[in-house]
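Student: Quick one: the structure is below, questions incoming.
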Amino acid sequence: MRNLINKLAPRSPWIYRLNAGSCNGCDVEMATAALIPRYDVERIGCKYCGSPRHADIVLISGPLTVRVRDKVLRVFDEIPHPKVTVGVGVCPVSGGCFRDGYSTGAPTDHYIPLDVIVPGCPPRPQAIIEGIVKALDVWRVRLTEATCCRS
Amino acid sequence: MSNILEATFAILIFPGGAFALALGLFLKGMDRKVLARLQRRVGPPLIQPLLDVLKLTTKETLIPTTANELAFRLAPVLGLTGVLVTAAVMPVGGVWSGVSGLGDILVLLYLLPIPAMALMLAGSASSSPYGALGFSREMAIMFAYEMPLIASFLAVAVRVGGAGGSLFSLDAIMAYQFANGPLLLDPVMMPAALALLIFIPGTMGSGLFDIPEAEPEVIEGPLLEYSGPLLATFNLMSAVKLVVVLELAVALLWPNGLGGNVLVNLAWHVFKCLALLMVSVTCFRAATGRLRLDQGFAFFVKYTSPLALMSLGLAYILR
Ligand code: SF4
């Protein structure tokens, strides 16, 4: 029974967008992927939700500026396990064009381990959707092994 | 003794319980699928609501430290129990006429607000400002939609009672329609039917009336702080609530079966619920945006209530 549910669960990913100080470019692309019927993320069962407590997959964009760091980490902790993180854009990995800026310290992946990375500045909506699909595989493994991505 | 057995069966298996849960999840799936097709999308699979519920059972339950834990945990359970009992009272035309002594539309008037109450309890127990906002919105909109509901109940009761006064028993309402044709085709009852049709999206919070759980403003309102199995319970509650309000409209206005075969009648009943869902929820949701709270309130007071009251007046004069 448990196994069956674990197999079926990743067919219903609920997605939460977490803006860690991004320039809004990535966020617009995520909103495009979510809202335009053409890309239809509901096909793979996705639903964008407003509350972190409902989320399964977190899309993180932006370089994690000093100002929002604590808030982002707090919101991240509110997401129930098991969760999967997807870094959208180059910012979460390297800081992108904000690298070495006075307002950004270390990029997002120093604080939050990213399971999937979607490169681009900003990435195309198709790439974001592909990132979500890859995250489903990570989630499947996480469910069977009962591991967490951050304790 | 047999009455108790019958009631248990009704609550756990046939019109309530397993049947209502399955029908509710199916209707929710159809709603999402057809909405997607209307927007020229592929849409989620038909079993998506079931998958959502199963997924939520694997998640962790988080409870805010400032929340009242008992009320927070109790609210979804109360809501689900309430709607399951309500579903058990609903008659299915030509298949099941309700447990004797249980079915009465006055009882339904008490049972129908339970899910809204559960949401209010959830919103206020969660100690989140958005939850409190959702709570107050839910309450305001409930005051607005109860009025046309009560008026159309009374209209049906007076119409069925005829010269002998009014009749509140669901059995009598069904028997009247089996003898004299569905009330839906009765010109006197048409305004009340329209009012009930608007009541359905109103109580489900879809389309124009997505006010208490409005995602862009109050982020799901009362459900904001819920996660895991408790949220799954709320999802099930909303699915069964959908069944209950659709079955209510069917029972009041169009309960007639298709001849004597039980299975045919059951399929016909499901079809009627589905047709009503498509008209009142899915197409309505696809075609409309959303109202502000005051506009939504005014909509029910200005347009929906007079429709139902008109039927009531006509039924009273013409009896
Ligand atoms: S990756 Fe590019 S578009 Fe995305 S937030 Fe960073 S700078 Fe903006």
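The values are calculated or read from the model by the stated rules, or taken from the named source; none is laboratory data. Bear in mind the structure is a predicted one, so any value in this text is a computation, not a measurement. Glycine gets a Cβ as well: all are built from the backbone with ideal geometry, and neighbour counts include every protein chain shown. Just so you know, the surface numbers come from the protein's heavy atoms only, side chains and all, with ligands and any DNA or RNA stripped out. Shrake-Rupley method; radii C 1.70, N 1.55, O 1.52, S 1.80 Å.
Student: Any residue that is within 30 Å of B:Asn180 (Cβ to Cβ), open to solvent by 20 Å² or more (accessible area, probe 1.4 Å) and in contact (Cβ under 8 Å) with a residue 40 or more places away in the chain - is there at least one of those in region B:242-256?
Tutor: Yes - at least one qualifying residue is present in region B:242-256.
Student: On to the next question. Regarding B:Ile13, is this residue surrounded by 20 or more Cβ atoms within 10 Å (Cβ to Cβ) and more than 13 Å from chain A (Cβ to nearest Cβ)?
Tutor: The answer is no for B:Ile13.
Student: Could you please let me know if B:Ala88 is modelled with pLDDT of 80 or more and crowded, with 24+ Cβ neighbours inside 10 Å? Step through it out loud before you land on a result.
Tutor: Working: modelled with pLDDT of 80 or more: yes; crowded, with 24+ Cβ neighbours inside 10 Å: yes.
In short, yes.
Student: Shifting gears a bit: Which is in contact with a Leu (Cβ under 6 Å, 6 or more places away or on another chain) and not basic (Lys, Arg), of B:Leu274, B:Leu246? Steps first, please.
Tutor: Values: B:Leu274 fails: in contact with a Leu (Cβ under 6 Å, 6 or more places away or on another chain).
Exactly one residue qualifies, and that residue is B:Leu246.
Student: Say whether the condition of being within 13 Å of the ligand (Cβ to nearest atom), more than 19 Å from A:Val41 (Cβ to Cβ), at pLDDT 85 or above and within 15 Å of the chain's Cα centre (by Cα) is met by at least one residue in region A:99-108.
Tutor: No, every residue in region A:99-108 fails to be within 13 Å of the ligand (Cβ to nearest atom), more than 19 Å from A:Val41 (Cβ to Cβ), at pLDDT 85 or above and within 15 Å of the chain's Cα centre (by Cα).
One line per residue, one yes/no per condition, for (1) open to solvent by less than 40 Å² (accessible area, probe 1.4 Å); (2) within 9 Å of the ligand (Cβ to nearest atom):
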{"position": "A:Gly21", "(1), (2)": "yes, yes"}
{"position": "A:Met30", "(1), (2)": "yes, no"}
{"position": "A:Glu42", "(1), (2)": "yes, no"}
{"position": "A:Pro63", "(1), (2)": "yes, yes"}
{"position": "A:Arg69", "(1), (2)": "no, no"}
{"position": "A:Leu73", "(1), (2)": "yes, no"}
{"position": "A:Pro92", "(1), (2)": "yes, yes"}
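Student: Suppose we keep only residues that are of a type outside the set (Val, Ile, Thr) and away from every other protein chain (no Cβ under 14 Å) within region A:75-90. Which one would you say is farthest from the ligand (Cβ to nearest atom)? Step through it out loud before you land on a result.
Tutor: The initial filter retains those residues of region A:75-90 that are of a type outside the set (Val, Ile, Thr), namely A:76-78, A:80-83, A:87, A:89.
This time we only want the ones that are away from every other protein chain (no Cβ under 14 Å), so: A:87, A:89.
Numbers: A:Gly87: 9, A:Gly89: 3 Å.
Looking at the filtered set, the residue picked out is A:Gly87.
Student: OK, next. Please determine, by comparing only the residues of region A:1-19 that are polar (S, T, N, Q) and more than 10 Å from every other protein chain (Cβ to nearest Cβ), which one is most open to solvent (accessible area, probe 1.4 Å).
Tutor: Start the filter on region A:1-19 by keeping residues that are polar (S, T, N, Q), which leaves A:3, A:6, A:12, A:19.
Then drop every residue that is not more than 10 Å from every other protein chain (Cβ to nearest Cβ), which leaves A:3, A:19.
Numbers: A:Asn3: 115, A:Asn19: 67 Å².
Going through the qualifying residues, I end up with A:Asn3.
Student: Yes or no: region B:188-202 includes at least one residue that is modelled with pLDDT under 75 and outside any loop (DSSP other than H, G, I, E, B).
Tutor: If we filter region B:188-202 for residues that are modelled with pLDDT under 75, which is where we start, we get none.
No, region B:188-202 contains no residue that is modelled with pLDDT under 75 and outside any loop (DSSP other than H, G, I, E, B).
Student: When region B:28-37 is examined, which residues are found to be over 22 Å from B:Ala88 (Cβ atoms) and more than 10 Å from chain A (Cβ to nearest Cβ)?
Tutor: Here is the first cut: in region B:28-37, the residues over 22 Å from B:Ala88 (Cβ atoms) are B:29-37.
Result: B:Gly29, B:Met30, B:Asp31, B:Val34, B:Arg37.
Student: Of B:Leu46, B:Leu70, which residue is over 14 Å from B:Leu236 (Cβ atoms), away from chain A (no Cβ under 14 Å) and open to solvent by 40 Å² or more (accessible area, probe 1.4 Å)?
Tutor: Working: B:Leu46 fails: away from chain A (no Cβ under 14 Å).
Among B:Leu46, B:Leu70, only B:Leu70 is over 14 Å from B:Leu236 (Cβ atoms), away from chain A (no Cβ under 14 Å) and open to solvent by 40 Å² or more (accessible area, probe 1.4 Å).
Each row is one residue, and each column tells you yes or no for (1) open to solvent by 10 Å² or more (accessible area, probe 1.4 Å); (2) modelled with pLDDT of 75 or more; (3) touching a Lys or Arg at 6+ places or on another chain (Cβ under 9 Å); (4) facing chain A (nearest Cβ under 9 Å).
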site	(1), (2), (3), (4)
B:Ile4	yes, yes, no, no
B:Gly17	no, yes, no, no
B:Phe26	yes, yes, no, no
B:Lys55	no, yes, yes, yes
B:Thr58	yes, yes, yes, yes
B:Val83	no, yes, yes, no
B:Gly98	yes, no, no, no
B:Leu102	yes, no, no, no
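Student: Which condition number in (1) open to solvent by 60 Å² or more (accessible area, probe 1.4 Å); (2) acidic (Asp, Glu); (3) in contact with a Ser or Thr (Cβ under 6 Å, 6 or more places away or on another chain) is the one that B:Asp294 fails?
Tutor: (3)
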